[in-house]
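Below is one structure, written out as structure tokens; the observations come after it.
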Amino acid sequence: MKTWRLREFRDEDLDQAIGMWDQSRLPDEPLPVFSVSEVMAAAQAGQPAVVAVVGEELVGMAVAQTQGDRAWVLLVALAARWRNRGIGSALLAELERRLRGLGVRRISALLPDEATGAKALGNSGYRARGGLTYYEKVEPHGAGDVGLLAELGGQVLPAGMWDAVAGMVQEKQIIEKQIVLPLAEPTVADQYGVIQPKAAILFGPPGTGKTSFAKAVASRLGWPFVELFPSRLATGASGGLATSLREAFAELAELEAVVLFIDEVEEIAGTRSGLAVDPGHGVTNELLKLIPNFREHDDRLLICATNSVRSLDTAFLRPGRFDYVLPIGPPDPDARAAIWSRYLGTAAETLDLSRLVEASEMFTPADIEFAARKGAQAAFEREMQHRQGEPATTDDYLAAITDARPSLTQQAITDFEEDIKHYTRM
């Protein structure tokens, strides 16, 4: 039978340690108090850390953080098939020996009930203290950047906006898997060699929800959201639009984290004519130079949106600048039903939703929101006049649909389908 031995943690153990830590947690076990990034950072910074190895395989690890004469045990992790062999207790004993040498007298640990390592702590003489409640306050990402964020017109968006995006299931799945998750779970992404995305383009007809998706991504990540408006950058720019753009990116670089959104990006990244007199030539060149620098920083995501992807400069669309070019199309029937339900609320239960979905075939999410508000307003005005307590009816909303002018046309949909074939990159 193979035997294990203890030794000091080494930097080259990092990948194995992360994988073993992830596998050591029991099914349905609560998240640990200290994250894997905190634990590994402490180990790499020289805090007391010991590992158990069998040959070259890392099968256990214990890490502590010292604070004067007190230390916190950040982690006791064991590979699943090497549990109940005394490794956990041996790791703790070796960790304690090292801590005593540093003058530590009190060693504490915070673990969820039944977490990996709890048994080893009990066997090693650690006493569980009842009557204690663990309190924690997590500041939002970039909370220290409030002043600069206000100057840039940015904001930390409320949580839950991602879940509130109604319908658009296919688009949500693509953005979730390829953009959100690698950024939300960077340690796991690194473990599997997934490169975190830094920039994406969303294209599609007007009103299909590109801005909503960008805000929802920022909300999902908990990162500040800043929108740059090309038209505002141009207003009052003493050094020209290119200078304003460069200054804005320089300010953004001071933020701890950011989702930067540029809508109607074709205004500053349109196809260059090649003529020296082309007024947009310098602006597009400047943006092309700024994006690579933006990509070099962690916790940065650039999302550009356009209604006309075919008008963007070809250099702007290259993979080295944008990781993904994703279509955000008009809602299908299931998506329209979800969007109607969102804006109708409980009133949807008394209406013929299928008729509304069918009648709003060429509607974008923004069109549906407008029709829902218009139908509700009509019912409200009728109630103000007659005071009969009648709720809004299907006919109220059908009339609103008839009065509304849909944003989509058949030509716009045809053009969009062609753009999907030529420009999508996912």
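Side notes on the structure shown:
- Sub-7 Å Cβ pairs linking a first residue in the stretch 160-177 that is under 16 Å from Ala214 (Cβ atoms) to a second residue that is part of a loop (DSSP other than H, G, I, E, B), at least 6 apart or interchain, are Met168/Gly209; Met168/Pro331; Glu171/Ile328; Lys172/Val165; Ile174/Met426, ordered by first then second residue.
- Filter pass, Ile339 being touching a residue at least 40 places away in the same chain (Cβ under 8 Å) and buried (at least 18 other Cβ atoms within 10 Å of the Cβ): yes
- Every residue from the stretch 379-393 that is in a helix (DSSP H, G or I) and surrounded by fewer than 17 Cβ atoms within 10 Å (Cβ to Cβ): Phe380, Glu381, Arg382, Glu383, Met384, Gln385, His386
- Considered as a group, the residues in the stretch 347-370 that are within 13 Å of Thr393 (Cα to Cα) and touching a residue at least 24 places away in the same chain (Cβ under 8 Å) include one that is surrounded by the most Cβ atoms within 10 Å (Cβ to Cβ), and that residue is Leu356.
- Verdict on Arg405 being out of contact with any Ser or Thr (no Cβ under 7 Å at 6 or more places or on another chain), at pLDDT below 90 and surrounded by fewer than 13 Cβ atoms within 10 Å (Cβ to Cβ): yes
- Residue ranges of helices (runs of 4 or more DSSP H) in the stretch 137-208 with at least 3 members at pLDDT below 80: 146-151
- Scan of the stretch 75-125 for residues that are among the small types (Gly, Ala, Ser) and farther than 18 Å from Phe34 by Cβ, ordered by number: Ala79, Ala80, Gly86, Ser89, Ala90, Ala93, Gly101, Gly103, Gly122, Ser124, Gly125
- Cross-chain or 6+ apart pairs with Cβ under 8 Å, the stretch 182-210 first and within 21 Å of Trp21 (Cα to Cα), then of a type in the set (S, T, N, Q) and in a loop (DSSP other than H, G, I, E, B): Pro182/Gln196; Leu183/Gln196; Pro186/Gln196; Ala189/Gln196
- When residues in the stretch 238-262 are screened for being in a loop (DSSP other than H, G, I, E, B) and surrounded by 19 or more Cβ atoms within 10 Å (Cβ to Cβ), 2 of them pass.
- Verdict on Tyr397 being in contact with an Asp or Glu (Cβ under 7 Å, 6 or more places away or on another chain), surrounded by 14 or more Cβ atoms within 10 Å (Cβ to Cβ) and farther than 30 Å from Ile195 by Cβ: no
- All conditions in (1) closer than 27 Å to Arg336 by Cβ; (2) under 16 Å from the mean Cα position of the chain (by Cα) hold for Glu264, with the sole exception of (2).
- Neighbours by Cβ (under 9 Å, 6+ apart or cross-chain): first from the stretch 219-231, β-branched (Val, Ile, Thr); second in a strand (DSSP E or B): Val226/Gln155; Val226/Val258; Val226/Val259; Val226/Leu260; Val226/Phe261
- Hits in the stretch 302-335 (condition: basic (Lys, Arg), loosely packed, with under 15 Cβ neighbours inside 10 Å and not in a helix (DSSP H, G or I)): Arg318
- Selection status of Val51, buried (at least 23 other Cβ atoms within 10 Å of the Cβ), under 20 Å from Pro112 (Cβ atoms), touching a Leu at 6+ places or on another chain (Cβ under 7 Å) and not acidic (Asp, Glu): no
- For the stretch 14-121, the helices (runs of 4 or more DSSP H) that sit wholly inside it and include 1 or more residues that are of a type in the set (D, E, K, R) and modelled with pLDDT of 90 or more are 87-101.
The values are calculated or read from the model by the stated rules, or taken from the named source; none is laboratory data. Nothing here was measured: the structure is a model prediction, and the numbers come from that model. We place every Cβ from the backbone using ideal geometry, glycine too, and count neighbours over all the protein chains shown.
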